[in-house]
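Have a look at the structure below before the remarks.
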Amino acid sequence: MPELPEVEVSRMGVSVHLDGQVISDIVVRTPKLRWDIPTPQLQTLIGHQINRVSRRAKYLVIETAAGDIIIHLGMSGSLRVIDKNVELKKHDHVDIVVGAKVLRLNDPRRFGAVLFSESGVPHAVFSKLGPEPLTEAFDSQHLIAMCAKRKVVIKQVIMDNPVVVGVGNIYANEALFLTGIHPQTPANKVTKKQLKLLTTVIKDVLAAAIKQGGTTLKDFSQTDGKPGYFAQSLYVYGRGGKPCLKCDSTLQEVKIGQRASVYCPQCQKDS
Ligand SMILES: [Zn+2]
């Protein structure tokens with residue numbers, strides 16, 4: 001599943017090709033992904049210039065003066081900017097045409113979304129989102145306040161969008177490992193010192209992943225291949241049963257809120 005770093009790298013990859021361009025056509029081949037695609041509204045943007053491509057949480061926002069196109073990659077979505085004559089592949093659902101090029105959304109599992117919002121009117125999908133993890137709005141004071149009265153386990157708190165957006169399962173696992181916090185520690189039992197460190201580590205792991213993904217930017221204009229996903233060096237995610245890379249103990253796996261959580265029983269002790 002694309003997490004925040006992949007979406008940010010997608011944003012960087014496509015914005016190079018889209019910023020300042022005029023939308024010449026919008027083709028919707030599939031009426032519904034996760035939600036109905038508002039084709040008539042989207043098509044009102046034909047003829048308008050793309051001012052910029054921004055990101056909020058895991059949503060990409062293609063901004064014009066007349067309104068925005070909001071794209072979510074869901075479980076399996078990917079974007080490419082290619083020549084508009086490139087033959088369609090299976091699961092190519094939406095094209096946003098700019099001159100001779102096209103931004104093409106492919107999504108085999110169809111959990112992604114393409115939405116429209118009027119200019120200056122925030123879409124309802126943004127209404128309950130907390131701060132962006134890589135901004136100053138997400139700081140240790142905020143996380144300490146969010147954890148103070150919560151008995152739910154810390155892993156679920158940092159994955160809760162109203163607390164902070166875009167910390168998905170991979171980075172929640174990694175950040176807790178790097179901070180030495182057991183993922184099942186109740187949030188109100190995590191010390192302030194640990195939460196301070198956790199805030200910094202969350203920013204660091206996300207920034208490092210974006211930097212690493214930056215090397216794949218050229219893939220966004222290639223016809224083949226899957227852009228936006230990159231090999232990552234991970235300590236715990238997907239490594240249950242394998243040795244800890246720090247202490248050689250066997251990594252344990254538990255389900256927390258239906259999601260696989262891997263931790264080192266030695267490096268991440270219950271507090
Ligand atoms: Zn360990």
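Report whether or not ILE96 is part of a strand (DSSP E or B) and more than 18 Å from THR30 (Cα to Cα). No, not satisfied. VAL28 satisfies every condition listed in (1) among the aliphatic types (A, V, I, L, M); (2) under 17 Å from VAL53 (Cα atoms); (3) more than 18 Å from the chain's Cα centre (by Cα) except (2). Only a single criterion out of (1) at pLDDT below 95; (2) away from the ligand (no atom under 14 Å from the Cβ); (3) farther than 30 Å from ARG104 by Cβ is not satisfied by VAL254, namely (1).
Taking the conditions (1) within 16 Å of the ligand (Cβ to nearest atom); (2) closer than 29 Å to PHE138 by Cα; (3) at pLDDT 95 or above in turn, ASP270 satisfies each one other than (3). Filtering segment 45-60 to residues that are under 23 Å from THR135 (Cβ atoms) and assigned to a loop (DSSP other than H, G, I, E, B) leaves ASN51, ALA57, LYS58.
Among the residues making up segment 1-14, a single one is in a loop (DSSP other than H, G, I, E, B) and either more than 21 Å from THR135 (Cβ to Cβ) or in contact with a Lys or Arg (Cβ under 6 Å, 6 or more places away or on another chain) (or both): MET1.
Would you point out the residue of segment 15-44, among those that are small (Gly, Ala, Ser) and assigned to a loop (DSSP other than H, G, I, E, B), that is surrounded by the most Cβ atoms within 10 Å (Cβ to Cβ)? It comes out as SER24.
Inspection of segment 198-215 identifies at least one residue that is at pLDDT below 95, surrounded by fewer than 18 Cβ atoms within 10 Å (Cβ to Cβ), among the polar types (S, T, N, Q) and in a helix (DSSP H, G or I).
In segment 241-265, the residues that are touching a residue at least 40 places away in the same chain (Cβ under 8 Å) reach residues that are near the ligand (Cβ under 8 Å from one of its atoms) with C-beta atoms within less than 6 angstrom, at least six apart or across chains, in these pairs: VAL262/LEU251; CYS264/CYS244; CYS264/SER249; CYS264/LEU251.
The values are calculated or read from the model by the stated rules, or taken from the named source; none is laboratory data. These figures come from a predicted structure and were not determined experimentally. Ideal geometry is used to build each Cβ from the backbone, glycine not excepted, and the neighbour counts take in all protein chains shown.
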